[in-house]
Structures are given as structure tokens and as C-alpha cells.
Amino acid sequence: MKRKFIAVAVASALALGAGAALQAHPEGDAKGGHRVHKKMMMHGGFGLKHITKELELTPQQEAQVKPIIDQAQPQIRAIHEEAMQKSRAIMEASIAQIRPVLSAEQQAKLDKMRAAHEKMREAMKEMHEAKAD
């Protein structure tokens, strides 16, 4: 029973985080939902190169689309960052409530899991920053 509660609590915290991230990207909801969002993020996001390639835009269309994308990108980034901050706060609060329920061994394992997750998050951040340069 205790393990089921912990599993449900951790899964809920992770689902909340994923939900917040998806909320930050409205384009992920249209025609294919998360698959569209995931594909866009894997292939350059909501960028001119990606849209030009995928939609086979003419140079004239590209010139018309560019200012629209340029205007939208900072707004999307801001929404995404806000959602990620809220998501992290919810996950931290959930973990703070879960931690006392765990044995010392489970707490150590949770710490390792969180450290690995943070390391992966930092690596992803560095990769995105390198791509932006």
C-alpha cells in the first residue's frame, strides 16, 4: 500500500510537470497533440527553418511568415519558462511531502534519481544553448 501511494504520488508530480510543459506549447495540441509538439521540438521547434522545410514555403511565403514567427517565439519561450518554473515548484513540493514517507534507502535512491534528472536537464539546456549560438 505504501509503495503504491509513493508510486502514484511521484507519477502525479511527473504528470503535472509534463502537463505544464504541454500547456506552454499550444501548438502541441493541434492535429496530433503531443506528437506534433515532440516532433517540432526535436526538429528545431517553432522556427522558420523548420516551417519552411516542412511546409515547403516559397521565398515569398517565407518572407511573410518570418515576422510572425519572430514575434511569437519570445512569447512562447516566456510561457514555456513560466510553466517550467511552476512545474518544478509543484514537483519539489510533492517530493518534500513524499520524502518523509520513504525509508532511508528509498530516500537515497530518490536523491540519485533527482541528481540524474538534474544532470540530464542541464545537459539538455547546454545543448539548446549551443544550438542557439
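Here the residues Thr58, Thr52, ranked from fewest to most Cβ neighbours within 10 Å of their Cβ, fall in the order Thr58, Thr52.
Per-residue Karplus couplings for segment 88-99, computed as 6.51 cos²θ - 1.76 cosθ + 1.60 with θ equal to phi - 60°, are listed in order as 4, 4, 5, 5, 4, 5, 5, 5, 4, 7, 6, 3 Hz, Gly and Pro entered as x. Here the Karplus curve 6.51 cos²θ - 1.76 cosθ + 1.60, taken at θ = phi - 60°, turns the phi angles of segment 100-116 into couplings of x, 7, 7, 6, 4, 5, 5, 5, 4, 5, 4, 4, 5, 4, 5, 5, 5 Hz, with x standing for Gly and Pro.
Taking other C-beta atoms within 10 angstrom as a stand-in for reagent exposure, Ser103, Ser94, Ser87 fall in the order Ser103, Ser94, Ser87, fewest first. Holding the Cα-Cα limit at 32 Å, pick out from Lys53/Lys125; Lys53/Lys86; Lys86/Lys131; Lys49/Lys125; Lys86/Lys112 the pairs that are longer than that. Beyond 32 Å between Cα atoms: Lys53/Lys86.
Rule-based calculations on the coordinates, nothing more; no lab input. Given the structure is predicted, the values throughout are model-derived calculations rather than measurements. Here Cβ is always computed from backbone atoms with ideal geometry, including for glycine, and neighbour counts include all displayed protein chains.
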